Each structure stands twice: as structure tokens, then as C-alpha cells.
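Asker: The structure is given below, and queries will be raised subsequently.
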Amino acid sequence: MSLPREIALRALTAGLGRPVLGLFYLVPMVAFLAGGANLMTRAVDHPSLSDQQQGPYLWAMNDWWRVPATLLLIAAMVGLHRYRRRLRTARPGRVRLWSAGVALYWIALCVVLTLHLLWFLFVHNGYAYGDGGGRHYLWWVAMPVMVLGGGLSPVVLIASVIRLFKA
């Protein structure tokens, strides 16, 4: 393999070129999925009457998109990571396609995690946690996602868009 190609591949597969790092986004999504049914049950059993009539709450209670979106991102992570090993022998066009796929993967991770967080906040606002035993345990997931995701996701998003245009 030529030296310039080796350097280019090393640069492509560093940082955001490691789809497995998306687990930092996927683990909270899976936690929101696992605890989501319990939160929705609590919101129905202990309604906050002021917030349940609003559109965001109604959108959040219709959560058909959460499982397919998360499963698609997990499948994308696995597929991109497996193909990453074949980049040394792949043609340049396929390497560019992989790089664009990784950029779209990171953009989708940022968007879907934001949607999961909004889902949680809207359902939690419709839940009268004063009557239902306090805040839901998913707050332990939501708080770090809001703090770290709020600081890290814009950087990841910008880097992903730049990567997409360079591909």
C-alpha cells in the first residue's frame, strides 16, 4: 500500500471514523427505551393536567419511532464498523462512500438522541411526579445527556457536516 493512502486512511478512521464511539449516544437511547414504558405508565397513572393537553405531550405519547430509529442506528454502527476493517483494500470510491456514511451516521445519532431527550422531557412534564413518587429514575440518564450532549453534540454535528462535504 502506498504511503499517502495509508496516511489518508489513518486520518479517516481516527476520531469520528470510529463508529463504535457512537455507543456514548446509543447507550442513553437504549436506557430511554428500557425505562420508557415505565415512565409512560406513570404519566398515565399520575397525570399533570396542565401539561397533558399540549401537543408535545401528545407527540411524545405516540412513540412508534423510538425502537426502529435506535435499532437502525445500532445496525448502522455494526455495519460501518465491520466495513472499516476492509478500507485498506477498498477502492477510493468506496472509501469516500464509507466516509459519507459515517458522517450521516453521526448526524443521525445527534438528531435521534435529541429526539429521545425531547421525548423524555415532554412525557416527564405530563407526569405529576409530586403525586407519583418523585422524579423518574431516567433523570439519571437525562441529566448527563443534557449537560454532555449539549456541549459535545454541536461539535460532533459540525465535524460530521464537514466530513460529509469532504467525502
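The values are calculated or read from the model by the stated rules, or taken from the named source; none is laboratory data. As the structure is a prediction and not an experimental result, all values here were calculated from the model. Using ideal geometry, Cβ is built from the backbone for each residue, glycine included, and neighbour counts are taken over all protein chains shown. We work out accessible area using only protein heavy atoms, side chains counted, and drop any ligands, DNA or RNA first. Shrake-Rupley method; radii C 1.70, N 1.55, O 1.52, S 1.80 Å.
Asker: With a 10 Å cut-off between alpha carbons and a GNM built on the chain, which of R85, R135, R42 moves the most?
Answerer: R85
Asker: Same structure again: Going from most exposed to least, what order do I107, I162 have by accessible area with a 1.4 Å probe?
Answerer: From most accessible down to least: I162, I107.
Asker: Against the longest alpha carbon principal axis of the chain, how many degrees, from 0 to 90 and to the nearest 10, is the axis of helix 3-12 turned?
Answerer: Tilt of helix 3-12: around 0 degrees.
Asker: Choose one of H136, L87, L148: the residue whose Cα lies farthest towards the positive end of the charge dipole of the chain (beta-carbon charges +1 Lys, Arg; -1 Asp, Glu; about the Cα centre).
Answerer: Working it through, the farthest residue towards the positive pole turns out to be L87.
Asker: Here's a follow-up. Quick one: compute the contact order of the chain, relative version, from alpha carbon pairs under 8 angstrom and 6+ residues apart, as a percent.
Answerer: RCO, the chain: 39 percent.
Asker: Looking at the P(r) of the range 22-124, how many percent of alpha-carbon pairs lie beyond 16 Å?
Answerer: Every Cα pair in the range 22-124 considered, those over 16 Å come to 61 percent.
Asker: Roughly what angle does helix 23-45 make with the longest principal axis of the chain, taking Cα atoms, 0 to 90 degrees, to the nearest 10?
Answerer: 20
Asker: Please check: in the Gaussian network model of the chain (C-alpha springs, under 10 Å), which one of P92, P47, P19 has the largest mean-square fluctuation.
Answerer: Taking springs between Cα atoms under 10 Å, the residue moving most is P92.
Asker: Something else about it: Got a sec to turn the phi values of the range 78-85 into Karplus ³J(HN,Hα) couplings, 6.51 cos²θ - 1.76 cosθ + 1.60 with θ = phi - 60°, whole Hz, x for Gly and Pro?
Answerer: Calculated HN-Hα couplings, in order: 5, x, 5, 5, 5, 6, 4, 5 Hz.
Asker: Could you put F165, F32 in order of accessible surface area, largest first, with the 1.4 Å probe and the full protein assembly present?
Answerer: F165, F32
Asker: Can you give me the three principal axis dimensions of the range 71-130 from its C-alpha atoms, in Å, biggest first?
Answerer: On the principal axes, the range 71-130 reaches 59, 15, 12 Å in Cα extent.
Asker: Which far-off residues, 5 or more places away or on another chain, put their amide H under 5 Å from the one on Y127, with H placed in the peptide plane?
Answerer: For Y127, the qualifying residues are S48.
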